[in-house]
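Written out below as structure tokens is the structure these notes cover.
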Amino acid sequence: METIVQEIQGVPLNHYILFCSLIFTIGVIGVLIRRNVIIIMMSIELMLNSVNLLLTAFSAHSGDASGQVFVFFIMALAAAEVAVGLAIIVMVYRNTRSVDINALNRLRG
Amino acid sequence: MSAIITLSLLAILVLYLGLFKARRALLPVSLLGLVSTLVLYGIQWDGQAVPLYSGMVLFDHYAVAFSVLCVLITALVLLLSKNYFDAGSTHVAEYYALILFSLTGALLVVSFHNLAMLFIGIEIMSVALYILAGIRKKDFASNEAALKYFLMGAFSTGFLLFGIALLYGASGSFDLAAIKDYVVSNPHTVSPLLYGGILLLIVGLAFKVGAAPFHFWTPDVYDGAPILITTFMSTVVKTAAFAGFLRLFYSCFVPLQDFWIPVLLIMAVVTLFIGNITALIQQSFKRMLAYSSISHAGYMLFAIIAAGPSSAEAVLVYVGAYSLASVVAFGVLILVKRTTGSDHFEAFNGLAKKNPYLSLALAIAMLSLAGIPLTAGFIGKFMMFSSVLADYHVLLVVLAVVNAAIGIFYYFRVIVAMYFKPLDRDQIVVNGYYKTVLTVAILVTLLLGVYPAWITGLI
């Protein structure tokens, strides 16, 4: 375990911050420009996982375990969210026969 | 904490009641559980407020007052549910259980003392609501509402989490007290990560409270979800989200005011104008209420901008008044829609001739939402404006008063429809539960409007 922490600390913190911000941005852009609901969900996962990585890096660099505990909370709740989200997508698919976000524009005004 | 534990056990119990087909027991058991939660909070009021469970939650007066408000509004919403869910589904227990789970999350959000609890509370609250929004599986509007709410909710959670991660990187802790110490001890040399964290938290929380420019999901979701769920979303969830928002910013970031107040100022003004002007052109009462809830989010942002000792009180009164009026408005809308099948303004035509009590209740609720004196809405707006004026944001108050005037315009539209348009339908049957809810909500609205002192000294 010690060696892993040292490995993580071997890379400067700024690199982690830049890298995670990049992944996060890719996720955000994915949510904004893609029209397929499944891919939007994958982009959201990308956002959450960039946060996980960032928290782990901060945690290893500051020698404080609470950041890693937070990662477990994020994983658990992301799993719960995905379970509900996939159920919603299945429900929508049964009614519209499509997972395209543009199929859902009946509510307007 | 015992109150939150009771509530989550209650929700599981309700699920079991559904399993054993004890449908008649659902509502009484849920209400009893809510009452015992209230009692537990009442006991907690006088106790010493220390952070519990390694600093995870803190039940100070602020948390208890907002929790009690959330529980009371949920009780009103559950009373309105009599005969509402049965029409659409045979599995009624799930509705109650999900509403109670969502309430549990809301209570965590108002009493958090660690950013982990803020995140977990928001997630518990939202995940239950994603299901509730889409609970009419065959209804296309309900489907669309659920999917949009889910995508936007998960998206905003990402921003919230990235903000929390940056705060952690800057201050080295998730604990509110530790973050506050960090900010107070070096207000001029804080890490740039903290600024990024604050901005991302504002984005994430603005999504949750439905403030512009992150409001675009609100009208569709409020419009598509079943009316009773919309009631819950626009009252309890908004209350909790704002209480959490204010708690975080008031307890941690006040020394950095110069950085984030301009951001929130612009957001508040944009929210007010977008909410009010779009509400003007709506044909559907339900959609109008959705836009009006956006504009109310704008007013409530004032309290966070003021971020003073009085803003907790101001938010409590404002959100209480707004929630009570919303419950009445949506309650009447349920009855009208059940009879006429439409939620447009025309459906309210001539309501006063056959249902004078119903229209009186709705009229008082509209006056309260518009902020007319002698109602709770006026007191709420007054406290909001005066807390901002104390900080010399005069221009903001002028803009807000202009918006309040626009608001009167569309709130009065339904009053005009009820009292001055010809009648074209039969009397609406109102059952005892609805009468009770309307009476209680209207009485409290008027009482607060005439004699506000009994609630203002609370926190």
**Criterion (more than 20 Å from B:GLU123 (Cα to Cα), outside any loop (DSSP other than H, G, I, E, B) and without any contact (Cβ under 8 Å) to a residue 12 or more places away in the chain) met by exactly one of B:LEU9, B:LEU32, B:LEU72** = B:LEU32
**Asked** Among the listed residues B:ALA145, B:ALA177, B:ALA141, which satisfies the condition of being in a helix (DSSP H, G or I), in contact (Cβ under 8 Å) with a residue 12 or more places away in the chain, surrounded by fewer than 21 Cβ atoms within 10 Å (Cβ to Cβ) and under 25 Å from the mean Cα position of the chain (by Cα)?
**Response** B:ALA141
**Asked** Which of the residues that make up the stretch B:347-382 are β-branched (Val, Ile, Thr) and either part of a loop (DSSP other than H, G, I, E, B) or surrounded by fewer than 20 Cβ atoms within 10 Å (Cβ to Cβ) (or both)?
**Response** B:ILE372, B:THR375
**Prompt:** When you go through (1) part of a helix (DSSP H, G or I); (2) among the aliphatic types (A, V, I, L, M); (3) touching a residue at least 12 places away in the same chain (Cβ under 8 Å) one by one for B:LEU423, which number turns out not to apply?
**Reply:** (1)
**Fill in**
Given the conditions (1) touching a residue at least 12 places away in the same chain (Cβ under 8 Å); (2) more than 8 Å from chain B (Cβ to nearest Cβ); (3) out of contact with any Ser or Thr (no Cβ under 7 Å at 6 or more places or on another chain), every one holds for A:VAL92 apart from (2)
**Asked** So which of B:GLY275, B:GLY196 ends up being small (Gly, Ala, Ser), assigned to a helix (DSSP H, G or I) and closer than 22 Å to B:ILE164 by Cβ?
**Response** B:GLY196
**Message:** Anything in the stretch A:50-72 that is more than 7 Å from chain B (Cβ to nearest Cβ), surrounded by fewer than 19 Cβ atoms within 10 Å (Cβ to Cβ) and not β-branched (Val, Ile, Thr)? List them, or say none.
**Reply:** A:LEU53, A:HIS61, A:GLY63, A:ALA65, A:GLN68, A:PHE72
**Complete:** In the stretch A:73-86, anything facing another protein chain (nearest Cβ under 8 Å), surrounded by 16 or more Cβ atoms within 10 Å (Cβ to Cβ) and aliphatic (A, V, I, L, M) is listed as A:ILE74, A:LEU77, A:VAL84
**Item:** Top-ranked residue of the stretch B:249-278 - restricted to ones that are within 14 Å of chain A (Cβ to nearest Cβ) and among the aliphatic types (A, V, I, L, M), ranked as nearest to the chain's Cα centre (by Cα)
**Value:** B:ILE274
**Request:** Test each condition in (1) β-branched (Val, Ile, Thr); (2) farther than 18 Å from B:ALA297 by Cα; (3) over 22 Å from the mean Cα position of the chain (by Cα) for B:THR375 and report the one that comes out false.
**Result:** (3)
**Message:** With part of a loop (DSSP other than H, G, I, E, B), crowded, with 20+ Cβ neighbours inside 10 Å, out of contact with any Gly (no Cβ under 6 Å at 6 or more places or on another chain) and hydrophobic (A, V, I, L, M, F, W, C) as the only criterion, which of B:PHE214, B:PHE232 stands out?
**Reply:** B:PHE214
**Condition check for B:ALA106: more than 10 Å from every other protein chain (Cβ to nearest Cβ), within 27 Å of B:PHE66 (Cα to Cα) and surrounded by fewer than 24 Cβ atoms within 10 Å (Cβ to Cβ)** = no
**Item:** Failed condition for B:ILE135, given (1) in a helix (DSSP H, G or I); (2) among the hydrophobic types (A, V, I, L, M, F, W, C); (3) more than 7 Å from chain A (Cβ to nearest Cβ)
**Value:** (1)
**Prompt:** Has the stretch B:431-442 got any residue that is in a loop (DSSP other than H, G, I, E, B) and over 22 Å from B:ILE305 (Cβ atoms)?
**Reply:** yes
**Message:** Suppose the filter is over 26 Å from B:LYS337 (Cα atoms), among the basic types (Lys, Arg) and either surrounded by fewer than 22 Cβ atoms within 10 Å (Cβ to Cβ) or touching a helix residue (DSSP H, G or I) at 6+ places or on another chain (Cβ under 7 Å) (or both); does B:LYS421 pass it?
**Reply:** no
**Asked** Is it the case that B:GLY163 is in contact with a helix residue (DSSP H, G or I) (Cβ under 6 Å, 6 or more places away or on another chain), crowded, with 21+ Cβ neighbours inside 10 Å, more than 8 Å from chain A (Cβ to nearest Cβ) and more than 18 Å from A:ASP64 (Cβ to Cβ)?
**Response** yes
**Request:** Select from the stretch B:279-314 the residues that are away from chain A (no Cβ under 14 Å) and among the aromatic types (Phe, Trp, Tyr) and write down the one among them that is farthest from B:GLY331 (Cα to Cα).
**Result:** B:PHE302
**Asked** Among the residues of the stretch B:332-343, is any outside any helix (DSSP H, G or I) and not hydroxyl-bearing (Ser, Thr, Tyr)?
**Response** yes
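Where a number appears in this text, it was derived from the coordinates with a stated rule and is not lab data. Just so it is clear, the model here is predicted, and its values are computed rather than measured. Quick reminder, even Gly has a Cβ in these numbers, built from the backbone with ideal geometry, and neighbours come from all protein chains shown.
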